[in-house]
Amino acid sequence: MEKVAFKKQGRCAERVSAVFYASFIILLVLSLAACEEKKQAKKVNPYSGPIEEINDVRLLYSEAAKLKVKLTTAKQFRYMNENRRYPKPVYIVFYNPTGEEVTTIRSDSGQYDKAKDLYIVMGNVVVVNKQKQEKLLTPELNWKPQTKKVFTDKRVTILSQLTGEKLYGIGLDANQDFSQYSIRKPTGIFNMEGGI
């Protein structure tokens with residue numbers, strides 16, 4: 001009988017011991033979990049870079065199946081909002097109704113704003129009107145295809161290769177082939193005939 005009682009006590013001790021160890025492990029795990037630093041959600045900024053990169057770009061604009069404007073550049077980046085950026089030099093050619101080159105534009109870079117439907121060329125912008133033999137220099141020029149107008153609020157210099165006249169000013173408004181333009185705040189050197 002003593003053996004049986006001893007066996008019962010041994011089993012009870014084992015059960016108490018097992019419960020004690022299980023409780024100890026659960027408390028240990030909970031305390032370790034409580035000690036762990038709470039991770040804060042990291043704020044992730046949405047991607048705002050280009051979604052497309054194109055090399056050797058050539059854009060053609062036509063009306064009534066006649067080429068009006070050609071834009072070429074080495075690289076174009078397109079963004080989620082459909083804006084485009086041209087980080088390399090941009091070349092634009094405007095054509096007359098018979099298909100002849102009338103005006104050319106060269107710049108260091110450019111961009112297109114889809115919301116405004118506006119092209120902007122920047123950095124050492126040189127416009128050459130072949131018919132008038134005039135050259136326009138400005139740091140930035142805007143072109144709106146919908147209105148066929150070109151404009152800037154920046155300083156401009158117009159050099160006439162025929163007369164040698166130099167016209168300076170701040171701001172310019174012109175039609176896209178530069179056959180007509182007006183300078184907002186003009187100054188310059190003009191050739192005048194004698195007499196009044």
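Remarks
- Within region 103-119, being under 13 Å from residue 139 (Cβ atoms), buried (at least 20 other Cβ atoms within 10 Å of the Cβ) and under 12 Å from the mean Cα position of the chain (by Cα) holds for one residue alone: 110.
- The residue that is most open to solvent (accessible area, probe 1.4 Å), counting only those in region 130-150 that are part of a loop (DSSP other than H, G, I, E, B) and of a type in the set (D, E, K, R), is 130.
- Matching residues, region 151-166, being in contact with a Leu (Cβ under 8 Å, 6 or more places away or on another chain), open to solvent by 30 Å² or more (accessible area, probe 1.4 Å) and within 14 Å of residue 118 (Cβ to Cβ): 151
- Looking only at residues of region 86-102 that are assigned to a strand (DSSP E or B) and in contact with a Ser or Thr (Cβ under 8 Å, 6 or more places away or on another chain), we find that the one that is most open to solvent (accessible area, probe 1.4 Å) is 91.
- Selection count, region 141-185, where residues are under 24 Å from the mean Cα position of the chain (by Cα) and among the hydroxyl-bearing types (Ser, Thr, Tyr): 2
- For region 167-195, a tally of residues being of a type in the set (A, V, I, L, M, F, W, C) and either open to solvent by less than 40 Å² (accessible area, probe 1.4 Å) or at pLDDT 90 or above (or both) returns 6.
- Some residue of region 77-85 being without any contact (Cβ under 8 Å) to a residue 60 or more places away in the chain, open to solvent by 40 Å² or more (accessible area, probe 1.4 Å), part of a strand (DSSP E or B) and among the acidic types (Asp, Glu): no
The values are calculated or read from the model by the stated rules, or taken from the named source; none is laboratory data. Computed from a prediction, not measured in an experiment: that's the story for all the values here. Counting neighbours? That spans all protein chains shown, and the Cβs are built from the backbone with ideal geometry, glycine included. SASA here: full protein model, heavy atoms, side chains in, ligands and nucleic acids out. Shrake-Rupley method; radii C 1.70, N 1.55, O 1.52, S 1.80 Å.
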